[in-house]
Amino acid sequence: MKKSPIKLTILGCYAATPRTLSNPTSQVLEMANHTFLIDCAEGTQVQLRKLKVGFAKINHIFISHLHGDHCYGLIGLVSTFMLFNRQHELHIYGPKGIKELILFQLRLSDSFTPYPLYFHELTSKEPEVIFEDSRITVSTIPLEHRVYTNGFRFEEKQGLRPLNRQKADELGVPPYCFDRLKRGETVTLDDGRVIDPIVVTDDPLPTRTYAYCSDTQFSEQVAEYVKGSNFLYHEATFLESEQDKAQKTKHSTAKEAAEVARLAGVETLILGHYSTRYGSIDPFKEEAEQVFKPVLLADDGVQFEW
């Protein structure tokens with residue numbers, strides 16, 4: 001038995017301003033039967049089209065903070081959904097003020113959404129669960145930036161125990177007991193025998209976690225919040241040679257991102273949010289690998305699948 005793959009599509013991963021060959025931050029995470037949009041900078045819609053990501057699949061949008069290079073594409077996307085005659089609901093999670101920001105623009109343009117539009121405004125400075133269903137939990141990761149900012153932790157829930165049908169049949173376990181056994185419950189048969197789920201089921205597949213850390217300065221506390229994640233996306237705006245700029249703007253260097261990954265014991269680090277002052281992003285990987293491996297480099301249009 002194999003789980004559906006997790007797919008991460010990088011729509012944009014550069015800092016500050018759009019360029020002809022690169023875009024500010026936005027990415028799509030396909031996980032646990034959901035298509036999540038994480039941040040929504042200018043150019044997000046163009047990248048969605050270019051990379052053939054279906055608009056209609058996006059029902060939940062997570063905005064880390066209200067700086068333009070993370071949210072200025074949102075009103076356009078909300079409006080395009082209107083043009084597409086969207087009917088199903090859209091949920092937007094972001095800092096307090098995001099509702100006012102979007103509704104103000106809709107009001108001035110004398111527009112309204114024919115679909116239900118729900119805002120979930122965030123104010124807590126402690127981690128909190130903001131979305132949950134039977135397959136996944138999404139929690140905030142409080143970050144340290146110039147404005148109120150959150151990252152997001154996407155964590156699969158434990159699935160059912162796979163049934164060993166051959167063993168169950170050998171023991172004469174009736175099918176009406178299968179669901180309880182797969183849920184890990186002990187059952188008593190009509191003849192009085194007690195069947196432990198371990199006997200007729202296998203261990204469930206391990207859960208997977210993706211952590212997204214938007215703009216933030218280095219923080220050991222952040223490492224605690226993302227501890228044990230399989231995949232960590234962490235901003236790396238600067239190289240260590242510009243560490244003074246990182247401190248001043250409350251951003252991280254590639255080395256600092258790697259230190260977070262090392263402290264958190266994650267499996268894989270993905271770097272992004274590079275300053276456009278650099279001619280190549282290769283030095284970010286080289287710097288980070290001095291502290292932690294493996295390191296992957298995000299780039300516009302790159303897709304990761306696990």
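When the helices of the chain are scored as -39500 (n - 2.57) per DSSP H run of n ≥ 4 and the total is divided over every residue, the value at 222 nm lands at -6500 deg cm²/dmol.
The slack in the chain from Thr188 to Gln87, taken as 0.36 nm per residue of separation less the alpha-carbon distance, amounts to 31.6 nm. Accessible surface computed residue by residue for the chain, with neighbouring protein chains in place and a 1.4 Å probe, gives 48 Å² per residue. Helix 74-83 and the long axis of the chain differ in direction by around 70°, with both axes built from C-alpha atoms. Surface calculation, 1.4 Å probe, protein heavy atoms: Glu220 sits at approximately 120 Å² accessible. The separation of region 231-278 from region 81-108, counted between C-alpha centres, amounts to 31 Å.
Tabulate in residue order the Karplus-calculated ³J(HN,Hα) for region 145-154, using 6.51 cos²θ - 1.76 cosθ + 1.60 with θ = phi - 60°, rounded to whole Hz; enter x for Gly and Pro. Rounded to whole hertz, the list is 10, 6, 10, 4, 9, 10, x, 9, 10, 9. Along region 87-95 the Karplus relation, 6.51 cos²θ - 1.76 cosθ + 1.60 evaluated at θ = phi - 60°, assigns HN-Hα couplings of 10, 7, 5, 10, 10, 10, 10, x, x Hz to successive residues, with x for each Gly and Pro. Residues whose amide H comes within less than 5 Å of that of Arg208, counting only those at least five positions distant or on another chain, are Glu156 (H built at 1.01 Å from N in the peptide plane).
Semi-axis lengths, largest first, of the ellipsoid equivalent to region 192-306 are 37, 15, 11 Å, with √(5λ) applied to each eigenvalue of the Cα gyration tensor. For mean projected area of the Cα convex hull in nm², the value calculated from this model appears in (1) 18.6; (2) 14.7; (3) 15.8 under label (1).
Summarising the amide proton neighbourhood of Val302: residues at separation of 5 or more, or on other chains, whose placed amide H is nearer than 5 Å comprise Ile10.
Determine the alpha carbon to alpha carbon distance for each of Lys227/Lys293; Lys96/Lys227; Lys7/Lys50; Lys50/Lys157; Lys157/Lys182; Lys96/Lys255 and list only those over 21 Å.
Values: Lys227/Lys293 16 Å; Lys96/Lys227 27 Å; Lys7/Lys50 17 Å; Lys50/Lys157 32 Å; Lys157/Lys182 15 Å; Lys96/Lys255 32 Å.
Too far apart for the 21 Å limit: Lys96/Lys227; Lys50/Lys157; Lys96/Lys255.
Length gained on full extension, Leu171 to Phe119, computed as 0.36 nm times the residue gap minus the Cα-Cα distance: 13.5 nm.
Is region 1-143 best put as rounded, prolate or oblate by its Cα gyration tensor, with a ≥ b ≥ c the root eigenvalues, rounded for a/c under 1.5, and otherwise prolate when a/b is larger than b/c, oblate when not? Because its axes are fairly even, with a/c under 1.5, region 1-143 counts as rounded.
Scalar couplings 3J(HN,Hα) for region 164-177, obtained by applying the Karplus form with A = 6.51, B = -1.76, C = 1.60 to θ = phi - 60°, are 8, 4, 4, 5, 4, 5, 4, 8, x, 7, x, x, 5, 8 Hz; x denotes Gly and Pro.
The values are calculated or read from the model by the stated rules, or taken from the named source; none is laboratory data. Computed from a prediction, not measured in an experiment: that's the story for all the values here. Note: accessible area is taken over every heavy atom of the protein model, side chains too, but ligands, DNA and RNA are not part of it. Shrake-Rupley method; radii C 1.70, N 1.55, O 1.52, S 1.80 Å.
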